[in-house]
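The values are calculated or read from the model by the stated rules, or taken from the named source; none is laboratory data. What you are looking at is a predicted structure, and each value in this text was computed from that prediction instead of being measured. Glycine also receives a Cβ, built like all others from the backbone with ideal geometry; neighbour counts cover every protein chain displayed.
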Amino acid sequence: MKIKTPKDNIIKYLKKHQIDKKFWKAAELFEKNMNHPSLNVEVLEPKHLKVYSFRVDKKYRAIFIARAAKLKL
């Protein structure tokens, strides 16, 4: 699954909190294998909206919306 480049304000937030490298590493792993155990992908409520998250580190998670692809969780 391809990840779109985050907006400028998100990139600034990542840099400010010094998690930009962790985010890009997790994003690359997500694109290669979204079911990788270290990402800990979760479906968020309400499930019918198809909003998911994956772990960047122990404190931060990235939120995403699945579009036009079937997810195997």
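No other residue among Phe64, Phe23 is of a type outside the set (Ser, Thr, Tyr), modelled with pLDDT under 95 and surrounded by 15 or more Cβ atoms within 10 Å (Cβ to Cβ) apart from Phe64.
Of the numbered criteria (1) loosely packed, with under 13 Cβ neighbours inside 10 Å; (2) without any contact (Cβ under 8 Å) to a residue 24 or more places away in the chain, the one Glu31 fails is (2).
Residues in region 46-61 include none that are touching a Leu at 6+ places or on another chain (Cβ under 7 Å), assigned to a helix (DSSP H, G or I) and not small (Gly, Ala, Ser).
The C-beta contact set for region 40-61 (first residue without any contact (Cβ under 8 Å) to a residue 60 or more places away in the chain and basic (Lys, Arg), second residue surrounded by 10 or more Cβ atoms within 10 Å (Cβ to Cβ) and part of a loop (DSSP other than H, G, I, E, B), distance under 8 angstrom, 6+ apart or interchain) comprises Lys50/Ala66; Lys50/Leu71; Arg55/Asn40. Search region 1-25 for residues that are touching a residue at least 60 places away in the same chain (Cβ under 8 Å) and pair each with any residue that is assigned to a loop (DSSP other than H, G, I, E, B) and surrounded by 13 or more Cβ atoms within 10 Å (Cβ to Cβ) when their beta-carbon atoms are under 8 Å apart and the residues are at least 6 apart or on different chains. Going by the 8 Å Cβ cut-off, the qualifying pairs are Met1/Met34; Met1/Ala66.
Looking only at region 30-46, filter to residues that are under 12 Å from the mean Cα position of the chain (by Cα) and charged (D, E, K, R); which one of those is nearest to Ile3 (Cα to Cα)? It comes out as Glu31. Looking at region 33-45 only, could you name the residues that are part of a strand (DSSP E or B) and touching a helix residue (DSSP H, G or I) at 6+ places or on another chain (Cβ under 7 Å)? Listed by number, the list is empty, since nothing qualifies.
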